[in-house]
Amino acid sequence: MTVTIGGSMLRSEMLRTLLKCKTFIIGLSLITIIGIIAVLADSIALYPPLEFVGNPLESPSAKHPFGTDDMGRDIYSMTIHGARISLFIGIIAALLSTSIGTGIGVVCGVFRGIVDAVIMRIIDFMLSLPYLAIALVIIAFLKPSMMIIILVIVILSWITTAKVVRAHTLSVMESLFVEAARAIGASNLHIMLRHVLPHVSPMILSSMALNVRNAILFEAALSFLGLGDPANVSWGTILFFARRAGAFALGAWWYIVPPGFLIMMTVLGFTLISIGLDEVINPRLRKM
(Lines give C-alpha, C1' and ligand atoms only; values in the text may rest on other atoms or scores of the structure.)
Protein backbone atom coordinates (compact mmCIF):
# COMPACT_ATOMS: atom_id res chain seq x y z
CA MET A 1 0.00 0.00 0.00
CA THR A 2 1.42 3.34 -1.02
CA VAL A 3 0.83 6.51 0.92
CA THR A 4 -0.51 9.09 -1.48
CA ILE A 5 -1.87 11.64 0.95
CA GLY A 6 0.53 14.54 1.08
CA GLY A 7 0.68 17.71 3.06
CA SER A 8 -1.63 19.37 0.55
CA MET A 9 -4.61 17.30 1.67
CA LEU A 10 -6.22 19.11 4.55
CA ARG A 11 -7.69 17.28 7.50
CA SER A 12 -11.10 18.61 6.56
CA GLU A 13 -10.77 17.08 3.09
CA MET A 14 -9.81 13.75 4.61
CA LEU A 15 -12.83 13.93 6.92
CA ARG A 16 -15.15 14.72 4.01
CA THR A 17 -13.76 11.75 2.10
CA LEU A 18 -14.33 9.47 5.08
CA LEU A 19 -17.89 10.68 5.54
CA LYS A 20 -18.60 9.74 1.92
CA CYS A 21 -17.20 6.23 2.43
CA LYS A 22 -20.07 3.82 3.18
CA THR A 23 -17.67 1.18 4.47
CA PHE A 24 -16.28 3.57 7.07
CA ILE A 25 -19.74 4.84 8.08
CA ILE A 26 -21.10 1.31 8.58
CA GLY A 27 -18.08 0.33 10.66
CA LEU A 28 -18.23 3.50 12.73
CA SER A 29 -21.97 3.00 13.31
CA LEU A 30 -21.43 -0.54 14.59
CA ILE A 31 -18.67 0.54 16.97
CA THR A 32 -20.71 3.53 18.15
CA ILE A 33 -23.66 1.29 19.05
CA ILE A 34 -21.43 -1.16 20.90
CA GLY A 35 -19.64 1.74 22.61
CA ILE A 36 -22.96 3.15 23.83
CA ILE A 37 -23.87 -0.28 25.21
CA ALA A 38 -20.54 -0.39 27.08
CA VAL A 39 -20.93 3.12 28.51
CA LEU A 40 -24.52 2.54 29.62
CA ALA A 41 -23.94 -1.01 30.89
CA ASP A 42 -24.87 -0.19 34.48
CA SER A 43 -28.15 1.40 33.35
CA ILE A 44 -29.36 -1.10 30.75
CA ALA A 45 -28.25 -4.33 32.45
CA LEU A 46 -31.06 -6.02 34.38
CA TYR A 47 -28.88 -7.48 37.15
CA PRO A 48 -25.31 -7.33 38.44
CA PRO A 49 -23.26 -9.48 36.05
CA LEU A 50 -22.15 -12.11 38.59
CA GLU A 51 -25.31 -12.28 40.72
CA PHE A 52 -27.28 -15.52 40.88
CA VAL A 53 -30.78 -14.49 39.80
CA GLY A 54 -32.38 -17.59 38.29
CA ASN A 55 -32.27 -21.31 37.77
CA PRO A 56 -29.36 -22.88 35.90
CA LEU A 57 -29.58 -22.83 32.10
CA GLU A 58 -32.99 -21.18 31.78
CA SER A 59 -33.86 -20.50 28.16
CA PRO A 60 -34.51 -16.89 27.05
CA SER A 61 -37.60 -15.28 28.55
CA ALA A 62 -38.97 -11.85 29.42
CA LYS A 63 -37.20 -12.04 32.78
CA HIS A 64 -33.92 -13.21 31.26
CA PRO A 65 -33.76 -12.09 27.57
CA PHE A 66 -30.61 -14.14 26.88
CA GLY A 67 -31.38 -16.89 29.38
CA THR A 68 -29.19 -17.87 32.32
CA ASP A 69 -25.88 -19.70 32.62
CA ASP A 70 -25.15 -22.94 34.45
CA MET A 71 -25.03 -21.06 37.78
CA GLY A 72 -28.20 -19.04 37.30
CA ARG A 73 -26.56 -15.76 36.30
CA ASP A 74 -28.29 -13.53 33.74
CA ILE A 75 -26.42 -13.85 30.42
CA TYR A 76 -27.88 -10.58 29.08
CA SER A 77 -26.38 -8.63 31.98
CA MET A 78 -23.07 -10.50 31.67
CA THR A 79 -22.92 -9.76 27.94
CA ILE A 80 -23.70 -6.06 28.40
CA HIS A 81 -20.99 -5.64 31.04
CA GLY A 82 -18.65 -7.79 28.95
CA ALA A 83 -18.79 -5.15 26.22
CA ARG A 84 -17.18 -2.65 28.60
CA ILE A 85 -14.34 -4.98 29.57
CA SER A 86 -13.62 -6.23 26.05
CA LEU A 87 -13.63 -2.74 24.52
CA PHE A 88 -11.52 -1.31 27.34
CA ILE A 89 -8.85 -4.00 26.93
CA GLY A 90 -8.92 -3.72 23.14
CA ILE A 91 -8.68 0.08 22.99
CA ILE A 92 -6.04 0.51 25.71
CA ALA A 93 -3.88 -2.29 24.33
CA ALA A 94 -4.21 -0.88 20.80
CA LEU A 95 -3.32 2.65 21.91
CA LEU A 96 -0.18 1.45 23.65
CA SER A 97 0.95 -0.99 20.96
CA THR A 98 0.27 1.48 18.14
CA SER A 99 2.17 4.23 19.94
CA ILE A 100 5.16 1.99 20.60
CA GLY A 101 5.15 0.55 17.09
CA THR A 102 4.80 4.00 15.51
CA GLY A 103 7.67 5.44 17.54
CA ILE A 104 10.00 2.55 16.75
CA GLY A 105 9.00 2.43 13.07
CA VAL A 106 9.48 6.17 12.50
CA VAL A 107 12.83 6.26 14.33
CA CYS A 108 14.11 3.27 12.35
CA GLY A 109 12.94 4.74 9.05
CA VAL A 110 14.35 8.22 9.68
CA PHE A 111 17.68 7.49 11.38
CA ARG A 112 18.47 4.09 9.79
CA GLY A 113 21.95 2.77 10.61
CA ILE A 114 22.85 0.15 13.20
CA VAL A 115 19.82 0.87 15.40
CA ASP A 116 17.47 0.13 12.52
CA ALA A 117 19.33 -3.08 11.63
CA VAL A 118 19.30 -4.39 15.22
CA ILE A 119 15.60 -3.58 15.81
CA MET A 120 14.57 -5.17 12.51
CA ARG A 121 16.43 -8.38 13.38
CA ILE A 122 14.69 -8.43 16.78
CA ILE A 123 11.33 -7.96 15.06
CA ASP A 124 12.07 -10.73 12.55
CA PHE A 125 12.95 -13.06 15.44
CA MET A 126 9.78 -12.20 17.36
CA LEU A 127 7.63 -12.72 14.27
CA SER A 128 8.93 -16.30 14.08
CA LEU A 129 7.68 -17.10 17.59
CA PRO A 130 4.20 -18.50 18.33
CA TYR A 131 2.25 -15.68 19.97
CA LEU A 132 -0.13 -17.87 21.93
CA ALA A 133 2.72 -19.90 23.42
CA ILE A 134 4.49 -16.71 24.53
CA ALA A 135 1.26 -15.43 26.10
CA LEU A 136 0.82 -18.70 27.98
CA VAL A 137 4.36 -18.52 29.34
CA ILE A 138 3.98 -14.91 30.50
CA ILE A 139 0.62 -15.47 32.16
CA ALA A 140 1.90 -18.70 33.77
CA PHE A 141 4.42 -16.66 35.77
CA LEU A 142 2.05 -13.79 36.54
CA LYS A 143 -1.39 -13.71 38.13
CA PRO A 144 -4.02 -13.28 35.40
CA SER A 145 -5.56 -9.80 35.51
CA MET A 146 -6.79 -7.14 33.14
CA MET A 147 -3.49 -5.25 33.23
CA ILE A 148 -1.45 -8.41 32.62
CA ILE A 149 -3.62 -9.28 29.62
CA ILE A 150 -3.12 -5.76 28.22
CA LEU A 151 0.63 -6.06 28.82
CA VAL A 152 0.79 -9.38 26.96
CA ILE A 153 -1.17 -7.99 24.01
CA VAL A 154 1.06 -4.90 23.81
CA ILE A 155 4.25 -6.97 23.93
CA LEU A 156 3.06 -9.12 21.03
CA SER A 157 1.23 -6.60 18.83
CA TRP A 158 3.54 -3.58 18.39
CA ILE A 159 5.75 -5.51 15.97
CA THR A 160 3.50 -5.41 12.91
CA THR A 161 2.80 -1.71 13.36
CA ALA A 162 6.53 -0.98 13.60
CA LYS A 163 7.28 -2.81 10.33
CA VAL A 164 4.43 -1.12 8.45
CA VAL A 165 5.29 2.37 9.77
CA ARG A 166 8.97 1.87 8.96
CA ALA A 167 8.13 0.89 5.38
CA HIS A 168 5.96 3.99 4.90
CA THR A 169 8.58 6.17 6.57
CA LEU A 170 11.25 4.95 4.15
CA SER A 171 8.93 5.85 1.27
CA VAL A 172 8.38 9.36 2.64
CA MET A 173 12.12 9.84 3.24
CA GLU A 174 12.72 9.36 -0.49
CA SER A 175 10.28 12.14 -1.40
CA LEU A 176 11.44 15.37 -3.04
CA PHE A 177 10.11 17.58 -0.24
CA VAL A 178 12.27 15.68 2.28
CA GLU A 179 15.30 16.14 0.05
CA ALA A 180 14.48 19.85 -0.14
CA ALA A 181 14.20 20.02 3.64
CA ARG A 182 17.60 18.37 4.01
CA ALA A 183 19.07 20.82 1.48
CA ILE A 184 18.11 23.79 3.65
CA GLY A 185 19.60 22.15 6.74
CA ALA A 186 16.58 20.56 8.42
CA SER A 187 17.47 18.04 11.14
CA ASN A 188 16.20 14.48 11.27
CA LEU A 189 14.02 15.38 14.24
CA HIS A 190 12.44 18.25 12.29
CA ILE A 191 11.82 16.01 9.28
CA MET A 192 10.31 13.34 11.50
CA LEU A 193 7.89 15.70 13.23
CA ARG A 194 6.97 18.03 10.36
CA HIS A 195 7.06 15.73 7.34
CA VAL A 196 7.05 12.03 8.22
CA LEU A 197 4.38 11.87 10.94
CA PRO A 198 1.77 13.95 9.03
CA HIS A 199 2.18 11.67 6.01
CA VAL A 200 1.97 8.37 7.87
CA SER A 201 -0.78 9.42 10.32
CA PRO A 202 -3.71 8.10 8.20
CA MET A 203 -1.97 4.74 7.94
CA ILE A 204 -1.37 4.78 11.70
CA LEU A 205 -5.11 5.27 12.32
CA SER A 206 -5.87 2.34 10.02
CA SER A 207 -3.31 0.21 11.83
CA MET A 208 -4.78 1.17 15.19
CA ALA A 209 -8.27 0.07 14.12
CA LEU A 210 -6.84 -3.32 13.20
CA ASN A 211 -4.91 -3.45 16.48
CA VAL A 212 -8.14 -2.92 18.45
CA ARG A 213 -9.75 -5.73 16.49
CA ASN A 214 -6.81 -8.06 17.06
CA ALA A 215 -6.59 -7.17 20.77
CA ILE A 216 -10.27 -7.99 21.31
CA LEU A 217 -9.87 -11.31 19.51
CA PHE A 218 -6.69 -12.16 21.42
CA GLU A 219 -8.27 -11.32 24.77
CA ALA A 220 -11.30 -13.44 23.87
CA ALA A 221 -9.00 -16.34 22.96
CA LEU A 222 -7.04 -16.08 26.23
CA SER A 223 -10.23 -15.81 28.29
CA PHE A 224 -11.79 -18.74 26.40
CA LEU A 225 -8.78 -20.83 27.47
CA GLY A 226 -9.32 -19.80 31.10
CA LEU A 227 -6.49 -17.24 31.20
CA GLY A 228 -8.67 -14.14 31.55
CA ASP A 229 -9.20 -11.87 34.51
CA PRO A 230 -11.38 -13.86 36.97
CA ALA A 231 -12.61 -10.64 38.60
CA ASN A 232 -14.12 -9.21 35.39
CA VAL A 233 -16.51 -10.67 32.85
CA SER A 234 -15.59 -10.20 29.20
CA TRP A 235 -17.13 -11.84 26.14
CA GLY A 236 -14.32 -14.38 26.10
CA THR A 237 -14.92 -15.18 29.76
CA ILE A 238 -18.59 -15.93 29.06
CA LEU A 239 -17.56 -18.34 26.30
CA PHE A 240 -15.13 -19.96 28.74
CA PHE A 241 -17.97 -20.45 31.25
CA ALA A 242 -20.08 -21.91 28.44
CA ARG A 243 -17.37 -24.36 27.39
CA ARG A 244 -16.73 -25.40 30.98
CA ALA A 245 -20.45 -26.01 31.54
CA GLY A 246 -20.78 -28.08 28.38
CA ALA A 247 -23.20 -25.63 26.76
CA PHE A 248 -22.07 -26.73 23.31
CA ALA A 249 -23.09 -30.32 23.99
CA LEU A 250 -26.24 -29.40 25.94
CA GLY A 251 -27.56 -27.23 23.12
CA ALA A 252 -27.72 -24.12 25.31
CA TRP A 253 -27.28 -21.83 22.32
CA TRP A 254 -28.29 -18.74 24.32
CA TYR A 255 -25.13 -19.18 26.38
CA ILE A 256 -22.92 -19.00 23.28
CA VAL A 257 -24.61 -16.82 20.65
CA PRO A 258 -24.82 -13.37 22.40
CA PRO A 259 -21.12 -12.95 23.29
CA GLY A 260 -20.06 -14.60 20.05
CA PHE A 261 -22.30 -12.32 17.99
CA LEU A 262 -21.01 -9.17 19.70
CA ILE A 263 -17.40 -10.26 19.20
CA MET A 264 -18.17 -10.78 15.51
CA MET A 265 -19.90 -7.39 15.17
CA THR A 266 -17.09 -5.56 16.96
CA VAL A 267 -14.42 -7.21 14.84
CA LEU A 268 -16.44 -6.41 11.72
CA GLY A 269 -16.86 -2.78 12.78
CA PHE A 270 -13.16 -2.14 13.33
CA THR A 271 -12.29 -4.00 10.13
CA LEU A 272 -14.66 -1.81 8.11
CA ILE A 273 -13.20 1.32 9.75
CA SER A 274 -9.71 0.18 8.74
CA ILE A 275 -10.84 -0.54 5.18
CA GLY A 276 -12.45 2.91 4.97
CA LEU A 277 -9.24 4.57 6.16
CA ASP A 278 -7.28 2.52 3.61
CA GLU A 279 -9.51 3.92 0.87
CA VAL A 280 -8.56 7.44 1.98
CA ILE A 281 -4.87 6.58 2.15
CA ASN A 282 -4.85 4.90 -1.28
CA PRO A 283 -7.14 6.54 -3.87
CA ARG A 284 -6.98 3.42 -6.03
CA LEU A 285 -9.12 1.65 -3.43
CA ARG A 286 -11.87 4.27 -3.52
CA LYS A 287 -15.15 3.28 -5.10
CA MET A 288 -15.98 5.20 -8.22
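The values are calculated or read from the model by the stated rules, or taken from the named source; none is laboratory data. Being a predicted model, the structure only gives us computed values, none of them experimental. Positions of Cβ are backbone-derived with ideal geometry, glycine not excepted, and every protein chain shown enters the neighbour counts. Ligands, DNA and RNA are stripped out before the accessible areas are found, and what is left, the full protein with its side chains, is counted by its heavy atoms. Shrake-Rupley method; radii C 1.70, N 1.55, O 1.52, S 1.80 Å.
Structure data summary
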item	result
Neighbourhood charge, 13 Å Cβ-Cβ cut-off, centred on GLY228 and excluding it, Lys, Arg +1 and Asp, Glu -1	+1
Helical segments meeting 20 Å axial Cα length and Kyte-Doolittle 0.0 threshold in the chain (DSSP H)	22-39, 75-111, 113-127, 146-173, 197-224, 253-281
Added length on full extension, which subtracts the Cα-Cα distance from 0.36 nm per residue, ILE26 to LEU268	86.2 nm
Largest to smallest accessible area among GLU51, GLU174, GLU219 [probe 1.4 Å]	GLU174, GLU51, GLU219
Positive-end residue of LEU127, GLY246, ILE92, charge dipole of the chain with Cβ unit charges	LEU127
Label-to-label distance, nm, for residues given as ALA180 and LEU151 (7 Å Cα→Cβ offset)	4.9
Extension gain, VAL137 back to ARG121 (0.36 nm per residue minus Cα-Cα distance, nm)	3.5 nm
Candidate aspartates and glutamates - alpha carbon under 15 Å from LYS63, same-chain residues fewer than 8 apart omitted	GLU51, ASP74
Centre separation in Å (Cα based) which lies between region 18-72 and region 221-282	12
DSSP-loop trypsin sites (Lys or Arg not before Pro) across region 196-288, with at most 10 other Cβ within 10 angstrom	LYS287
Check: the chain dipole with +1 on Lys, Arg Cβ and -1 on Asp, Glu Cβ, in debye	720
Residue-level accessible surface for VAL267, protein heavy atoms, 1.4 Å, Å²	30
Assigned charges on the beta-carbon of Lys, Arg, Asp, Glu; region 148-284 dipole about Cα centre (debye)	120
Residue (of ALA220, GLY260, GLY185) at the positive-pole extreme of region 171-288, dipole from beta-carbon charges	GLY260
Positive-end residue, the chain charge dipole about Cα centroid, Cβ charges, pick of ILE37, CYS108, ILE75	CYS108
